[in-house]
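S.K.: The structure is given below, and queries will be raised subsequently.
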């Protein structure tokens, strides 16, 4: 059986990417990364999503990106809130975590070499993203070459690829694809700055991740079971 | 002043690479990575080398590659010893740490984005290496593209490069270059499996790293101040 390592953050995109490759017949091994993110609740969401999707395995690897700082997700900087549609995706916001996806995919490739998996899957999408450089098609192409050149599998002539099945999708596309695949939206968490209420993380509804998610559900004419009662936009 | 982030392991190659870029006029920021290596003594060596070379800063970042296993350097597998010259570099040995250099360079690029450095420097060399896929020129080229595509600096059109100034050198070349630059060999530690004697790490003299180092010093007709009293080959 073909194996894939899926980078699972617990959010909408990676859950859908995992469901997609599973539906394509891969044995899916989930890799969540504790990189010092303030929204550590996403790791619990990832674990729950992996169980619900009946993935073959789930593991968490730690990397201390917070030691390098430079991002509102890992350092004591304010997470931007209430940005207008026209602002999101223009320039690189404070929530960019320097070189995060290079590190995450590096860890995914390490796992692929160990698990003898032929693909590492990441849920990046270039359209409805926050303007992160490491979500763009050129970055994906570069990492594909790294996969072939820098791994045991590549050196031995075995297949090793980096797949980003959602890279050309809008958030609304992703919502539609996820619904067709039965992705358990209620278990996912996209928010960069969740509050904790009654022991459960509650999305803020105002960060880029919440706003992009809300727009995706609205454009797909679907209900997000995790949405705050009244949208703030 | 131009800044560079140098991946410093405490060994011969990275110490020489750091001295080289410093001599070229860069302000050099050292990054050592605690990836769960059994030879953790190399981190102390890196710190001491950074101080001796008067680098601008030194930091250690942790990443738990040991959680993924698959290598004699991070898991409970035997480090190969006493391999013949003809064996070293043929095939991929047990000491290969899956995708390690992708992760290390990812961390280096993260540091470069935060420190506004225009280069990440790594001491890999393709000739006298242990046969690791992520020491080859094709891998370096792939990571250069990642640097341009996947970082803030790249996206903003600023210079960001990955430099491997020793990639075409033999170990003897590196010894000669290091001597010309005054690299403090006595502070470096290359061994994969050092013993501890009187609170100081002592190289085993028998792993690939020790053998390649001994061969380099021998070919350069130089004395290695850290070498065991009697070579075992």
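The values are calculated or read from the model by the stated rules, or taken from the named source; none is laboratory data. The structure displayed is predicted, hence computed values, not measured ones. Cβ: placed from backbone, ideal geometry, glycine included. Neighbour counts: every protein chain shown.
S.K.: It is to be established whether one or more residues within the range A:7-27 are part of a strand (DSSP E or B), surrounded by fewer than 19 Cβ atoms within 10 Å (Cβ to Cβ), in contact (Cβ under 8 Å) with a residue 24 or more places away in the chain and within 14 Å of another protein chain (Cβ to nearest Cβ).
M.R.: Checked against the condition, which is being part of a strand (DSSP E or B), surrounded by fewer than 19 Cβ atoms within 10 Å (Cβ to Cβ), in contact (Cβ under 8 Å) with a residue 24 or more places away in the chain and within 14 Å of another protein chain (Cβ to nearest Cβ), the range A:7-27 yields no hits at all.
S.K.: Sort out which residues of the range B:136-151 are surrounded by fewer than 22 Cβ atoms within 10 Å (Cβ to Cβ) and either facing chain A (nearest Cβ under 8 Å) or in contact with a helix residue (DSSP H, G or I) (Cβ under 8 Å, 6 or more places away or on another chain) (or both), and write them in order of number.
M.R.: Scanning the range B:136-151 gives B:136, B:138, B:141, B:145, B:148, B:149.
S.K.: Identify, please: which residue in the range B:46-69 is part of a strand (DSSP E or B) and either at pLDDT below 95 or surrounded by fewer than 21 Cβ atoms within 10 Å (Cβ to Cβ) (or both) and is, among those, nearest to the other protein chains (Cβ to nearest Cβ)?
M.R.: Per the stated criteria, the residue is B:62.
S.K.: Just the residues that are in a loop (DSSP other than H, G, I, E, B) and in contact (Cβ under 8 Å) with a residue 24 or more places away in the chain, please, taken from the range A:213-233.
M.R.: Matches in the range A:213-233: A:220, A:222, A:224, A:225, A:226, A:227, A:228, A:231, A:232, A:233.
S.K.: Quick one: which residue in A:157, A:150, A:182 is at pLDDT 95 or above and over 22 Å from residue A:122 (Cα atoms)?
M.R.: Sole residue among the options that is at pLDDT 95 or above and over 22 Å from residue A:122 (Cα atoms): A:157.
S.K.: What are the residues in the range A:110-121 that are surrounded by 23 or more Cβ atoms within 10 Å (Cβ to Cβ), within 12 Å of another protein chain (Cβ to nearest Cβ) and touching a residue at least 60 places away in the same chain (Cβ under 8 Å), if any?
M.R.: Hits for the range A:110-121 are A:111, A:112, A:117, A:120.
S.K.: Then there's this: Among the residues of the range A:96-106, write down those that are under 14 Å from the mean Cα position of the chain (by Cα) and either over 20 Å from residue A:159 (Cβ atoms) or facing chain B (nearest Cβ under 7 Å) (or both).
M.R.: A:96, A:97, A:100, A:101, A:102, A:103, A:104
S.K.: Now, a different point. Under the condition of being more than 13 Å from chain A (Cβ to nearest Cβ) and at pLDDT 95 or above, which residue from the range B:31-45 is nearest to residue B:99 (Cα to Cα)?
M.R.: Checked the range B:31-45; the qualifying residue nearest to residue B:99 (Cα to Cα) is B:43.
S.K.: Being surrounded by fewer than 24 Cβ atoms within 10 Å (Cβ to Cβ), away from chain A (no Cβ under 12 Å) and in contact with a helix residue (DSSP H, G or I) (Cβ under 8 Å, 6 or more places away or on another chain) is the requirement here; does residue B:88 meet it?
M.R.: Yes.
S.K.: Take the residues in the range A:193-212 that are outside any helix (DSSP H, G or I) and touching a residue at least 60 places away in the same chain (Cβ under 8 Å); name whichever of them is farthest from residue A:128 (Cα to Cα).
M.R.: The residue in question is A:196.
S.K.: Okay, next question. Restricting the search to the range B:154-180, which residues are buried (at least 21 other Cβ atoms within 10 Å of the Cβ) and more than 23 Å from the chain's Cα centre (by Cα)?
M.R.: B:154, B:155
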